[in-house]
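A quick write-up on the structure given underneath.
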Amino acid sequence: MRFLAYHCRHRAFVNFQHLVTSATGLIHLLASVLAVVAGTFILALPKGTRLHRRIGRVYAVSMVAVLITAFLIYRLFDGWGMFHWAALAATLTLLGGMIPILTRWPRPHYVVWHFCFMYWSVIGLYGALASEIAVRIPSVVMESGIPNRTFYMMAGIGTALVMLVGAWFFIKMLPRWSRQFAPSG
């Protein structure tokens with residue numbers, strides 16, 4: 001136990017030093033946690049119910065907060081960085097999922113479009129979470145705070161693994177989901 005306490009104190013296992021460094025970072029963290037929880041419920045619970053719509057609103061609002069704050073955080077790269085590109089992709093998947101359900105367009109397949117984009121929105125969020133965990137355990141940011149090669153490798157591996165599992169599951173389940181969300185009539 002003393003070994004673990006020593007290494008945690010000396011950042012050998014977990015790097016929490018830079019977890020929250022500003023009010024924007026705190027909002028980003030809290031909104032991210034809320035979005036992960038809501039997104040998990042959205043994927044797990046039956047679709048189209050009143051509960052689904054309520055949790056979906058929580059997910060959408062929390063993701064808007066995550067994305068706005070993501071575009072306000074520049075400390076890591078001193079400017080636009082790889083996570084800003086990921087936030088741009090997340091913005092597009094969120095819009096791609098919300099526009100069809102809010103406008104009921106394109107008819108008659110708007111529910112399928114909503115489902116597919118929202119699925120990838122949540123999987124992308126899981127990828128971001130995996131990336132965040134991978135760069136904090138073990139500590140892979142150099143003491144100066146500048147990302148190094150290990151940082152990029154860990155972020156890439158974490159995100160890629162989640163996206164590959166998400167893609168496999170999506171391809172496997174797409175025929176069933178297509179029947180489930182196909183327009184009636």
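At full extension, His52 and Phe170 could sit 40.5 nm farther apart than now, given 0.36 nm per residue minus the alpha carbon distance. Ranked by solvent-accessible area (1.4 Å probe, protein heavy atoms only, all chains present), the residues Met153, Met173, Met163 order from largest to smallest as Met153, Met163, Met173. If you plug the beta carbon distance of Thr150 and Leu19 into 1/(1 + (r/R0)^6) with R0 = 30 Å, you get a FRET efficiency near 0.95.
Coupling constants for the stretch 19-27 follow from the phi torsions by the Karplus curve (6.51 cos²θ - 1.76 cosθ + 1.60, θ = phi - 60°), and in residue order they are 4, 9, 10, 7, 4, 4, x, 5, 4 Hz; glycine and proline get x. Any idea of the accessible area per residue across the stretch 14-131, 1.4 Å probe, to the nearest Å²? That works out to 57 Å² for each residue. Peptides 50-57, 24-31 ordered by packing proxy, namely the average of other Cβ atoms within 10 Å per residue, highest first: 24-31, 50-57.
Working note: Karplus 6.51/-1.76/1.60 with θ = phi - 60° gives the stretch 159-166 the couplings 5, 4, 4, 5, 5, 5, 4, x Hz, where Gly and Pro are set to x. Note on Arg107 and Tyr74: the model spin-label points, each 7 Å out from Cα along the C-beta direction, lie 4.6 nm apart.
The values are calculated or read from the model by the stated rules, or taken from the named source; none is laboratory data. None of these values were measured; they are calculated from a predicted model. Here Cβ is always computed from backbone atoms with ideal geometry, including for glycine, and neighbour counts include all displayed protein chains. SASA here: full protein model, heavy atoms, side chains in, ligands and nucleic acids out. Shrake-Rupley method; radii C 1.70, N 1.55, O 1.52, S 1.80 Å.
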